[in-house]
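Data first, discussion second: the structure below is written as structure tokens.
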Amino acid sequence: MKKIVSLFLTLCMLLSLSFSFAEELKDTWTPDDYTAAADIRTETASDFTGKTVILHSNDVHGQIDGYALIAGLRTYFQDLGATVILADMGDFSQGDPAVNLSRGENAVEMMNAAKYDVATLGNHEFIYGYDQLTQNLSKATFSVLCANVRLEKTGELLYPATKMIETESGLKLGFFGLATPETVRKVNPALIKSLTFSQGDELYRDAQEAVDSLEGADLIIGLTHLGVDEESREAGYRSLDLYRNVKGIDLLLDGHSALTMTVCENGEPIQSAGTKFAAIGVVVIDNETKVIEDRYLLPTALGSKLFSFVPVDPDVRNVSDTIISYVDTIYGTAFATSEAELNGERNPGVRTEETNMGDLIAESMIWYVVKEGGLEQAEPNAVVGIVNGGCIRASIHVGDVTRNDINKVLPFGNTVSVTYVKGSELLEVLEASTFNSPEAFAGFPQTSGIEWTLDTTKPYDAGEVYIRDGQPTDYNAPASINRVTISKINGEPFDPEATYALVTNDYCAVGGDTYNVLANCSYTFDTGVAMDVALIGYIQDVLEGKIPADYANPKGNLTIIQ
């Protein structure tokens, strides 16, 4: 904490220097810079009479036990004389079984219990589709604001753009909301085809119109799910870009990057509270002068209470405990049986050879994406699956299978993604990801729909080092394809010039391990659905709750010459 405070004070000194020096700082920050500069405190003032306090969260991703903390903090500030407003910046609907099991409905129930006032939408609110989103939020007792998502047929906003909140003191706070336009490539397009997301300069136009409509507000506060990620820079979708292009904004409360930040590159007033209630944001407004007089973050991981002086709200905790207990019961109860021993071991196993576990997981991912639609750009016989062996962490034994068993197999919460590749790029993925064979490697590909051969008697022809995010990786691209051959794709001849829909996980899709070529593909989307959810659904719906003895051996997708 002392280091954080020291870094924050140092940053304040830097920001007080000349404008020209500030320009040198512009657009150079890393996530670590934002976190280091954040004003993080472990105590507050003792009197908030005449103040309005905004408490905010973002990127909660199903950490529902945190809602009792923000509700307890609300009571704490109220007891010290403050008027309190609760706000959330999106991505509350998905990320943990506590909300995944209900397809996001439990998150809304928790936010109602905590008595949120306003919220905007994150991309993860859309992963269950338009119908589920509207069903969930129809039960919300808080206002949902979003100025840039419309119904395609009518052009009407899906939710109101703005809300004016006037406190008993007469303070008027104008709020507007924005969801990231990147949702269109981070969510299965089939599930949001009835919606449009403002792109390019339209985002700024929508925000400016929202700000201008809040005439009479003492302060205008944006609730945004935009973030400050480098990947969003070119399109201009960062909260930084919004602030620089829209006039009249006093403060942006932001989500999406899941950073703890209270200050940006050139002192822009943008604040974010991390993820999963790592912190809770605090904004203090003086009711008389109508100015923001303080902003900071309060960390939450300090024992069973938020702080020694802040009680956990018992009513809200009872709601989350009930949900968690129910989910734990469901996850601990057998939902299927297995007649086959499924190999999820490392070596020999998922990091060295084709396994029946790898076959099952890759098949389930393809099934899920095809079932949900969104693959209009590829013929059914051009859909293939690859999962890196390193994400598979356990075996499944003959007998009863619980969701906890599946969670042990796939513990990291990786999500199912789709990227479109040329046949030549698919060859590069397989060649690069088997560079270490026959020795074990976490990137070893478990596949479905691909009949291929790996000749480990030939040396790997190491080319240039892969570069990711401007930095060299530990892996070399293949200078030539000389160890891997693909004979067929779903029973048809392989074509290196054809386009294939590759179903994989979010880690590989962004170039993890040796999958660097996928990071440069022109079209990728993340379904947002965890791999374990897809696998459970496949076992239940396709295999009818029984993994048959047919899975006792691998399918024979891969032939290894050694």
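Figures for the structure shown
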read-out: Qualifying position, being among the charged types (D, E, K, R) and modelled with pLDDT of 95 or more, among Asp96, Asp65, Asp88; value: Asp88
read-out: Evaluation of Arg233 against (1) farther than 20 Å from Ser57 by Cα; (2) crowded, with 18+ Cβ neighbours inside 10 Å; (3) among the basic types (Lys, Arg) (one fails), failing number; value: (2)
read-out: Residue among Ile406, Ile386 that alone is at pLDDT 95 or above, surrounded by 22 or more Cβ atoms within 10 Å (Cβ to Cβ) and assigned to a helix (DSSP H, G or I); value: Ile406
read-out: Answer residue from region 58-101, given it is within 18 Å of the chain's Cα centre (by Cα) and of a type in the set (S, T, N, Q) and is nearest to Gly528 (Cα to Cα) among those; value: Gln94
read-out: Strands (runs of 3 or more DSSP E) within region 415-457 that include 2 or more residues among the β-branched types (Val, Ile, Thr) and crowded, with 20+ Cβ neighbours inside 10 Å; value: 415-422
read-out: Scope region 348-364; condition crowded, with 22+ Cβ neighbours inside 10 Å, in contact with a strand residue (DSSP E or B) (Cβ under 7 Å, 6 or more places away or on another chain) and either outside any helix (DSSP H, G or I) or not assigned by TED's automatic domain parsing to the domain that holds Ser433 (or both); matching residues; value: Glu354, Thr355
read-out: Counted residues, region 325-347 - those being at pLDDT below 95 and either under 30 Å from Phe441 (Cα atoms) or surrounded by 16 or more Cβ atoms within 10 Å (Cβ to Cβ) (or both); value: 4
read-out: Residue ID - nearest to Tyr538 (Cα to Cα), chosen from residues in region 328-343 that are in a strand (DSSP E or B) and small (Gly, Ala, Ser); value: Ala336
read-out: Matching residues, region 451-501, being among the charged types (D, E, K, R), free of Cβ contacts under 8 Å to residues at least 40 places away in the same chain and more than 18 Å from Glu439 (Cβ to Cβ); value: Glu464, Lys488
read-out: Condition met for Val228 (within 25 Å of Cys264 (Cβ to Cβ) and touching a Leu at 6+ places or on another chain (Cβ under 9 Å)); value: yes
read-out: Pick from region 64-102, criterion β-branched (Val, Ile, Thr) and part of a helix (DSSP H, G or I), ranking: surrounded by the fewest Cβ atoms within 10 Å (Cβ to Cβ); value: Thr75
read-out: Hits in region 144-158 (condition: surrounded by fewer than 19 Cβ atoms within 10 Å (Cβ to Cβ) and closer than 30 Å to Lys290 by Cβ); value: Leu157
read-out: Verdict on Gln132 being surrounded by fewer than 23 Cβ atoms within 10 Å (Cβ to Cβ), out of contact with any strand residue (DSSP E or B) (no Cβ under 6 Å at 6 or more places or on another chain) and over 24 Å from Asp206 (Cβ atoms); value: yes
read-out: Filter pass, Arg468 being of a type in the set (D, E, K, R), over 28 Å from Leu535 (Cα atoms), under 26 Å from the mean Cα position of the chain (by Cα) and in the same structural domain as Glu353 (by TED's automatic domain parsing); value: yes
read-out: Qualifying residues in region 103-137 (those that are at pLDDT 95 or above, of a type in the set (A, V, I, L, M, F, W, C) and part of a helix (DSSP H, G or I)) - the one nearest to Val84 (Cα to Cα); value: Ala114
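The values are calculated or read from the model by the stated rules, or taken from the named source; none is laboratory data. Just so it is clear, the structure is predicted and the values come from calculations on it, not from any experiment. Don't worry about glycine lacking a Cβ; one is built from the backbone with ideal geometry, like all the others, and counts go over all protein chains shown.
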